[in-house]
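The structure appears right after this line, and notes come after that.
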Amino acid sequence: QVQLVESGGGLVQPGGSLRLSCAASGIIFRIYVMGWYRQAPGKQRELVAVITSGGSTNYADSVKGRFTISRDNAKNTVYLQMNSLKPEDTAVYYCNGRLLPSNYWGQGTQVTVSS
């Protein structure tokens, strides 16, 4: 079955960095659009970054210049490098794999930015 397994979340101080990873199985990873979304308490889930099968990327305005999404098709893994983290980046981060009509989600990993 399809599995997307996130890792790398945790507690970090403002200005710090974290790298999230999402390992995929059960899909032909290289042809999927992969993305990272996040959901803060009391808010709707929002797009953070997306990367196409061809490597094109798109970012939410709030993370441009601070976050970088990348993928390693040989490892079936997508990454999110997060730098200059702010308290408002605190959320559960979800990995998404999409090839319509298929749409898969990971279980989420908590990122907390606090001093």
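For segment 32-90, what is the accessible area per residue in Å² when the probe is 1.4 Å?
Details: 3040 Å² over 59 residues.
Computed with neighbouring chains in place, this is 52 Å² per residue.
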Checklist entry - Local charge sum around Gly54 (other residues, Cβ-Cβ under 13 Å, Lys/Arg +1, Asp/Glu -1)? => result +2
Next on the checklist: Tell me the Rg and the Dmax, in Å, that the Cα atoms of segment 53-115 produce.
Outcome noted: 13.1, 42
Checklist entry - In whole percent, what relative contact order does the chain give with Cα contacts below 8 Å and a gap of six or more residues? => result 36 percent
Checklist entry - For segment 1-76, which whole-number percentage of the solvent-accessible area (1.4 Å probe, protein heavy atoms only) is attributable to carbon and sulfur atoms? => result 46 percent
Checklist outcome for this item: In cubic angstrom per residue, the convex hull of the chain built on its Cα atoms measures 95 Å³
Item to check | Neighbourhood charge, 13 Å Cβ-Cβ cut-off, centred on Ala24 and excluding it, Lys, Arg +1 and Asp, Glu -1 | outcome: +2
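Of all DSSP beta bridges in the chain, what percent run antiparallel (nearest 5)?
Numbers: 39 of 42 bridges.
If I count the DSSP bridges inside the chain, around 95 percent turn out antiparallel.
The values are calculated or read from the model by the stated rules, or taken from the named source; none is laboratory data. Fair warning: this is a prediction, and the values are worked out from it, not measured in the lab. Note: ideal-geometry Cβ built from the backbone for every residue, glycine included; neighbour counts use all protein chains shown. Remember, those area values only see protein heavy atoms, side chains included, never the ligands or the DNA or RNA. Shrake-Rupley method; radii C 1.70, N 1.55, O 1.52, S 1.80 Å.
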